[in-house]
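Here's the structure, in structure tokens; my notes come after.
The values are calculated or read from the model by the stated rules, or taken from the named source; none is laboratory data. As the structure is a prediction and not an experimental result, all values here were calculated from the model. For neighbour counting, all protein chains shown are included, and Cβ atoms are generated from backbone atoms with ideal geometry for every residue, glycine included. Note: areas computed on protein heavy atoms with side chains; ligands, DNA, RNA excluded. Shrake-Rupley method; radii C 1.70, N 1.55, O 1.52, S 1.80 Å.
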Amino acid sequence: MLSSISLRHMRVFVAVADHGTFTAAAEVLGLTPSGLTATIRQFEDVAGTPLFDRTTRQVTLSATGARFLPTARRLISEFEEALGDLDALSKGIGGTIRIAAAPSVLTRILPGVISRFVDEHPDARLRLDELNAGEVHEAVARNEADFGIAGEWHALPDIAFSPLFSDRFGVLCRPTHAFARRSAIAWSELADQAFVGLGPESGTRAMMAAQGSWAGDAGDAGGAAGSGGRGAGEVPVDPAEVTASPAVKRAAALGLPEAQMALRRANASERAIERVAKATLAKRAEDAKNGGRAADGSGSTMIDPIAQLRPIVETSNTITLAAMVAEGVGITVLPELAARVADLAAPGKLAFVPLCDPVRKRPIGIITRQSRSLSPIARIFLAMVMEQAPKMDLPAAIEWG
């Protein structure tokens, strides 16, 4: 049975592959050649296939052995790392912390925290993964990260979101652009601008689509409460359902019911955006014939500026987006912290101007699994983030808590 294969078999297999002979591998491992040979034979018997091709002069990996070697190396490495973490945790001195976070968090917040943390906990190790919001939630759900720091996303089973801070949306443009001389810009003013943006896998795009003037909140510019620029019978678009990440699509393809449902809802929401965009453009054309007045005789028509922001260039990378803006391809919309990260890639070539009417913000929070407690060292690091981050030199408009 395959279950009888142990770490000892893996170590012997890798040693023979590395050293090319049973004798050399036995010497390195401190085994007798006969004992090592018996271990390899047992491994091959259980696997049901030769792992090595043997001649009188050399031992080489078989096709199966060559394909399995990377897996064996990974299993040994992960086992040794787990033992190291267990030893460190038992002594309260370290362990590995796996963190998945949005690019702006990794660039502007975590480096300062990590600098202090590694000084105080030299035996701890950190693994940082830069992911978009949806991927961060999924990484935590799959136990590929101890915790995440990113925006809100689809409601996933067993996942908790604890708000950390929020930052406002604004326009990123060249300093020579007319918008750069403004103190604030209304969302409705973006309609006729050349626009570049993040792709559908971005959590920022999802929040923009839901937070523009879909919502006819009382007090929002441009319309009455509840109208939201939707056509008759149109349903509101949930910000968490505007798009599905590649990970959700892969999970749906494998038959996971929750992922299939999320994908269906995401596709429906994407189609809703397209419908609203087409309806809005048609409405504008109709109202233009009426001298700028709505067809029903009212003085204005609801226009959804976010639905009309169809990028001429899309990218998944904020730095690439900044380069497009710096070269004058178009303007873009980003949360302020992300815009400051983009500015680092093109210093002096970009200007950030807050958006208003309405003011909208991106919530960033801590993503954890409800059923799994954090390790002691991960709790220490997370507490340091929450204690130290509000003291950093970050955009003044960020609101903590």
Fill in the blank from the handout: Neighbours of Ala351 by Cβ distance under 14 Å: Lys/Arg at +1, Asp/Glu at -1, summed charge +3
Practice task
Give me the compactness ratio for the range 16-126, meaning the Cα radius of gyration over 2.2 N^0.38 Å.
Solution key: 1.59
Problem - Accessible area, probe 1.4 Å, largest first, for residues Lys361, Lys391, Lys349 - result: Lys391, Lys349, Lys361
Practice task
Enter the accessible area of Cys356 (Å², nearest 10), with the probe set to 1.4 Å and all protein chains included.
Solution key: 30 Å²
Fill in the blank from the handout: Spelling it out for Ile97: with amide H atoms placed in the peptide plane at 1.01 Å from N, the residues 5 or more places away or on another chain with amide H under 5 Å from its amide H are Arg125, Leu126, Arg127
Completion exercise
Note, Arg372: beta-carbon cut-off 14 Å, +1 each Lys/Arg, -1 each Asp/Glu, net +1
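Averaging sequence separations of C-alpha pairs under 8 Å and six or more residues apart, then dividing by the length of the range 116-205, give the relative contact order as a whole percent.
Rounded, it is 27 percent for the range 116-205.
Suppose the chain between Gln58 and Glu81 were pulled fully straight at 0.36 nm per residue; how much longer would it get relative to their current alpha carbon spacing?
On the way: separation 23, 0.36 × 23 = 8.28 nm, distance 3.27 nm.
Stretched fully, the Gln58-Glu81 segment lengthens by 5.0 nm.
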Fill in the blank from the handout: Non-local residues with an amide H under 5 Å from the amide H of Val333, with H modelled 1.01 Å from N and Pro and chain starts lacking one, are Leu172
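So what's the net charge close to Pro335: Lys and Arg +1, Asp and Glu -1, counting the other residues with Cβ under 11 Å from its Cβ?
Local charge sum for Pro335: +3.
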